[in-house]
Every structure is written in structure tokens, then in C-alpha cells.
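Undergrad: Take this structure first; my questions come after.
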Amino acid sequence: MLDSAALTAIRGAGTSHGAHLLADPARDLADPAQRWTQVLQGIEQIALDGGVTGAERLLQHLPAPSPGPGR
């Protein structure tokens with residue numbers, strides 16, 4: 001999904017313990033833009049849990065989905 005060559009290992013981060021991904025209750029997940037932001041934050045958290053940084057920079061280049069009909 002992400003080019004892992006562009007990620008940087010965090011020294012001493014150890015192994016992954018599993019990211020705790022909870023929906024942000026302040027977001028309206030029925031809204032495509034807010035749902036996309038929630039997905040990006042989850043991917044960033046997974047990368048950090050895996051002991052790497054740089055996911056935020058890579059995710060900036062992914063195109064957001066188009067709004068659905070009537071939005």
C-alpha cells in the first residue's frame with residue numbers, strides 16, 4: 001500500500017504491539033472527506049506502531065476519494 005522504502009525506522013522501537021484504532025467520535029463517518037481523514041490517521045498510527053515514520057509524508061500524495069452523489 002505504501003512504498004516502505006520511503007519510511008524511516010525508529011531506533012529502539014522494538015516490535016509491533018498492534019495499533020489501537022478507534023473511530024474519532026468527533027468525525028461524521030457518513031461524510032466521505034471526514035471518513036478519508038479517519039482512514040489516513042489510522043494508517044499513520046499503524047506505521048508508528050510498526051516502528052516507522054514518514055507515512056504522513058507519503059499519504060499526502062494519495063488522492064482522496066471523490067464525494068458521493070448528493071454531497
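Undergrad: Please compute the per residue accessible area over the chain with all protein chains in place, 1.4 Å probe, rounded to a whole number of Å². List each step's numbers first, then the result.
TA: On the way: 5210 Å² over 71 residues.
For the chain, the solvent-accessible area averages 73 Å² per residue.
Undergrad: Could you run the Karplus curve 6.51 cos²θ - 1.76 cosθ + 1.60 with θ = phi - 60° over the range 16-24 and give me ³J(HN,Hα) per residue in whole Hz, x for Gly and Pro?
TA: Once rounded to whole Hz, the list reads 5, 10, x, 6, 8, 9, 10, 5, 6.
Undergrad: How long are the three semi-axes of the equivalent ellipsoid of the chain, in whole Å, if each is the root of 5 times an eigenvalue of the C-alpha gyration tensor, listed from largest down?
TA: 27, 15, 7
Undergrad: Around residue 10, which amide H atoms from residues at least 5 apart in sequence, or from another chain, sit under 5 Å from its own amide H, with H modelled in the peptide plane?
TA: When sequence neighbours closer than 5 places are left aside, the close amide H contacts are 52, 53.
Undergrad: Can you give the net charge of the other residues whose Cβ lies under 15 Å from the Cβ of residue 55, counting K and R as +1 and D and E as -1?
TA: So the environment of residue 55 carries a net charge of -3.
Undergrad: Ranking request for peptides 27-38, 45-56, 8-19: highest mean number of other beta-carbon atoms within 10 Å first, then the rest in descending order. Each step should come with its number before you reach the end.
TA: Numbers: 27-38: 13.8, 45-56: 16.9, 8-19: 9.8.
Ranking the peptides 27-38, 45-56, 8-19 by packing returns 45-56, 27-38, 8-19.
Undergrad: Just to check I understand the Karplus step: with θ = phi - 60° and J = 6.51 cos²θ - 1.76 cosθ + 1.60, what whole-Hz values come out for the range 43-50, glycine and proline as x?
TA: In residue order, the calculated couplings are 5, 4, 5, 4, 5, 5, 5, x Hz.
Undergrad: Expressed in nm to one decimal, what extension gain is obtained for the pair residue 24 and residue 41 from 0.36 nm per residue of sequence separation less their Cα-Cα distance?
TA: Details: separation 17, 0.36 × 17 = 6.12 nm, distance 0.98 nm.
Length difference between fully extended and current span is 5.1 nm.
Undergrad: Once fully extended, how much extra length lies between residue 57 and residue 15, figured as 0.36 nm per residue of separation less the alpha-carbon to alpha-carbon distance?
TA: Numbers: separation 42, 0.36 × 42 = 15.12 nm, distance 2.24 nm.
Contour length minus Cα-Cα distance gives 12.9 nm.
Undergrad: Short version: ³J(HN,Hα) in whole Hz for each residue of the range 32-38, in order, from phi by Karplus 6.51 cos²θ - 1.76 cosθ + 1.60 (θ = phi - 60°), x for Gly and Pro, what are they?
TA: x, 5, 6, 5, 4, 4, 4
The values are calculated or read from the model by the stated rules, or taken from the named source; none is laboratory data. Remember, it's a predicted structure, so these values are computed and weren't measured experimentally. Cβ sites come from the backbone with ideal geometry, for glycine too, and all protein chains shown count toward neighbours. Quick note on the areas: whole protein, heavy atoms, side chains included, nothing else; ligands and nucleic acids left out. Shrake-Rupley method; radii C 1.70, N 1.55, O 1.52, S 1.80 Å.
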